[in-house]
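Since the structure comes first, as structure tokens, the remarks are kept for the end.
No lab work stands behind these numbers, since they all come straight from the coordinates. It should be emphasised that the depicted structure is a prediction, and the values quoted were computed from it without experimental measurement. All Cβ positions, even for glycine, are placed from backbone atoms using ideal geometry, and neighbour counts span all protein chains on display.
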């Protein structure tokens with residue numbers, strides 16, 4: 001997942017590399033996702049997230065639909 | 001993941017925080033089979049030949065264009081999601097530096113209270129979620 005100046009820059013990069021577009025998120029939404037996904041990673045009692053837990057995190061930050069399905 | 005592997009994983013993450021970088025394979029003191037199990041369970045990512053730790057997500061074991069300044073140190077992240085993830089994992093604000101892959105401009109983001117400034121930069125997910133682990137380095 002790469003950071004770009006704007007959606008225009010994403011479109012130009014996709015075209016240059018002949019990549020199919022995926023999904024573009026604003027920095028604030030990525031930050032929100034990162035907070036939910038990674039916040040417990042250094043906890044001493046950390047346990048691996050289940051797929052269902054991770055899917056629920058994606059849903060909680062509004063990432064729904066086939067593109068965001070983990071399976 | 002059984003309790004012994006979980007303990008191994010937690011020791012390796014503790015070493016990361018202590019050293020400010022991913023430990024070498026020798027520094028982990030773990031046998032190759034145990035590290036391979038952790039790799040297979042996505043608890044860490046080894047280089048293809050098993051010679052080093054490539055990722056202790058969200059931290060990177062190698063230098064990348066995603067740099068994070070936080071808690072008095074500089075860290076490397078695997079991608080922009082992980083860059084913000086390092087701040088989330090450390091529970092601190094900080095600064096993320098990256099390069100726009102299109103124009104090559106340096107992008108600078110300050111994060112405080114879980115919010116980025118500026119917030120008009122964008123991130124692109126090329127692959128759908130079900131394919132993220134097909135090649136996690138590319139993802």
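What FRET efficiency, computed as 1/(1 + (r/R0)^6) with R0 = 25 Å and r the Cβ-Cβ distance, is obtained for residue A:52 and residue B:64, rounded to the nearest 0.05?
0.25
With runs of 4+ DSSP H residues as the only contributors, calculate the mean residue ellipticity of chain A at 222 nm using -39,500 (n - 2.57) per run, divided by the residue total and rounded to the nearest 500.
Per the formula, -14000 deg cm²/dmol.
Determine the calculated [θ] at 222 nm for chain B from helices alone, applying -39500 (n - 2.57) to every DSSP H run no shorter than 4 residues and normalising by the residue count; nearest 500 deg cm²/dmol.
-8500 deg cm²/dmol
Report the label-to-label distance for residue A:26 and residue B:2 in nanometres (one decimal), using points 7 Å from each Cα along the Cα→Cβ vector.
Placing both labels 7 Å along Cα→Cβ, they lie 4.9 nm apart.
Efficiency by 1/(1 + (r/R0)^6): what FRET value for residue B:51 and residue B:138, r their Cβ-Cβ distance, R0 = 30 Å, to the nearest 0.05?
Details: r = 20 Å, r/R0 = 0.65.
Efficiency computed from Cβ-Cβ geometry: 0.95.
Please give the Cα centre distance for the range B:27-44 versus chain A, rounded to the nearest Å.
26 Å
Mind pulling the angle between the C-alpha long axis of helix A:51-60 and the longest principal axis of chain A? Nearest 10 degrees, somewhere in 0 to 90.
60 degrees
Nearest 0.05, what FRET efficiency do residue A:45 and residue B:19 give at R0 = 22 Å with Cβ-Cβ as r?
Working from the Cβ atoms, E equals 0.50.
In degrees between 0 and 90, to the nearest 10, how far off the longest principal axis of chain B does helix B:80-90 point, with axes built from Cα atoms?
The answer is roughly 70 degrees.
Please check which bits of the range B:104-133 a label hung off residue A:12 would reach, taking the label as a point 7 Å along Cα-to-C-beta and the cut-off as backbone N under 14 Å.
B:104-106
Could you tell me whether chain B comes out rounded, prolate or oblate from its Cα gyration tensor? Rule is a ≥ b ≥ c as square roots of the eigenvalues, rounded for a/c under 1.5, then prolate if a/b exceeds b/c, otherwise oblate.
prolate
Return one number: the angle in degrees, 0 to 90 and rounded to the nearest 10, between the long axis of the Cα atoms of helix B:3-19 and the longest principal axis of the Cα atoms of chain B.
50 degrees
Express in nm, to one decimal, how much length is gained between residue B:33 and residue B:108 on full extension, taking 0.36 nm for each residue of separation and deducting their alpha carbon distance.
Details: separation 75, 0.36 × 75 = 27.00 nm, distance 4.02 nm.
Full-extension gain reported as 23.0 nm.
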